[in-house]
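K.L.:
The structure's right below; bear with me while I get my questions together.
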Amino acid sequence: MNKRCMLFFAAILIAFLIISPGMAAASKCTYTNVIACDARKMIEEEDIFILDVCTPTESNCSYL
């Protein structure tokens, strides 16, 4: 095999080794859509962490 092909296969292998752990971790992430009523119950009854990613103009959460 010539040097050019070896470099190509090495680059493919390195890219795979870099990307595969991230793909494995991403498959473990889950989420659940909830309506406002259910969210309120979860906040009151469970030990949960809420992260608000709204911008200041979007963060009108008076329904909770």
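The values are calculated or read from the model by the stated rules, or taken from the named source; none is laboratory data. Given the structure is predicted, the values throughout are model-derived calculations rather than measurements. Backbone-built Cβ (ideal geometry, glycine too); neighbour counts: all protein chains shown. In case anyone asks, the SASA skips ligands and DNA or RNA and just uses the protein heavy atoms, side chains included. Shrake-Rupley method; radii C 1.70, N 1.55, O 1.52, S 1.80 Å.
K.L.:
At 1.4 Å probe size, with no ligands or nucleic acids counted, give the accessible surface of LYS41 in Å², nearest ten.
P.N.:
Per-residue accessible area (LYS41): approximately 110 Å².
K.L.:
Measure off 7 Å from each Cα along the Cα-to-Cβ vector at CYS54 and ILE14, then give the distance between these two points in nanometres to one decimal.
P.N.:
Taking the simple label geometry, CYS54 and ILE14 are separated by 4.6 nm.
K.L.:
Keeping every protein chain in place, order ILE50, ILE43 by accessible area at 1.4 Å, biggest value first, i.e. largest first.
P.N.:
Working: ILE50 105, ILE43 75 Å².
Sorted descending by solvent-accessible area, the residues read ILE50, ILE43.
K.L.:
Let me ask something additional. Could you state how much accessible area PHE9 has, in square angstrom rounded to the nearest 10, with a 1.4 Å probe and all protein chains kept in place?
P.N.:
Only protein atoms counted, so the area is about 110 Å².
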